[in-house]
């Protein structure tokens, strides 16, 4: 399984297939429950990784990412001030390309199972209404891999908006990357770069 520090810095979060979507009127899940369900579906996908293949993992993970991550807000924050200059259609294109990149990253990196398990260590307030949910993937060999999710309220309940590696924000890294591409190549360059990165992740 191809998981390590380089992957952690490449992935954006940032996965919930079986029963995550709540029926209308159901009570919103807590930040901890959102992450636990995310982890459960990701683990199930890992266990079936070989049988599913890359495209199968993408299909399994797509609803999970769409339900779990606030990709619209993440895209807006990653683009930064230039977001206000984009048309609604361009914004939709960025969100779509960014979401597909996140999904492809999970499908690529979590491509096998070797008795790993996920645990949620704790959750704590992080200011401005956010909650940090500290999660780890435990491995039979090697140190645990931490996935510390910043979860915020959105119109659809609690959703993941960032991943922290120590004190480093993945979203902040993406913002620097997106800003450089936009300065150099503009909007079309950003979409092309996201599509290129997603294509490279295909197996």
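Quick look at the values:
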{"quantity": "Hey, residue 122 out of contact with any helix residue (DSSP H, G or I) (no Cβ under 7 Å at 6 or more places or on another chain), surrounded by fewer than 19 Cβ atoms within 10 Å (Cβ to Cβ) and not in a strand (DSSP E or B) or not", "calculated": "no"}
{"quantity": "Residue 9 being part of a helix (DSSP H, G or I) and at pLDDT 95 or above", "calculated": "no"}
{"quantity": "Number of the exception - residue 127 against (1) crowded, with 16+ Cβ neighbours inside 10 Å; (2) on the phi > 0 side of the Ramachandran plot", "calculated": "(1)"}
{"quantity": "Among the residues listed as 92, 111, 115, 96, the single one being outside any helix (DSSP H, G or I) and surrounded by fewer than 17 Cβ atoms within 10 Å (Cβ to Cβ)", "calculated": "115"}
{"quantity": "Neighbours by Cβ (under 9 Å, 6+ apart or cross-chain): first from region 173-193, on the phi > 0 side of the Ramachandran plot and surrounded by 14 or more Cβ atoms within 10 Å (Cβ to Cβ); second in a helix (DSSP H, G or I) and modelled with pLDDT of 95 or more", "calculated": "none"}
{"quantity": "Any hit, region 148-164, residues being more than 21 Å from residue 66 (Cα to Cα) and not in a helix (DSSP H, G or I)", "calculated": "no"}
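The values are calculated or read from the model by the stated rules, or taken from the named source; none is laboratory data. Please read all numbers here as calculations on a predicted model, not as lab measurements. Note that we place each Cβ from the backbone using ideal geometry, even for glycine, and neighbour counts take in every protein chain shown.
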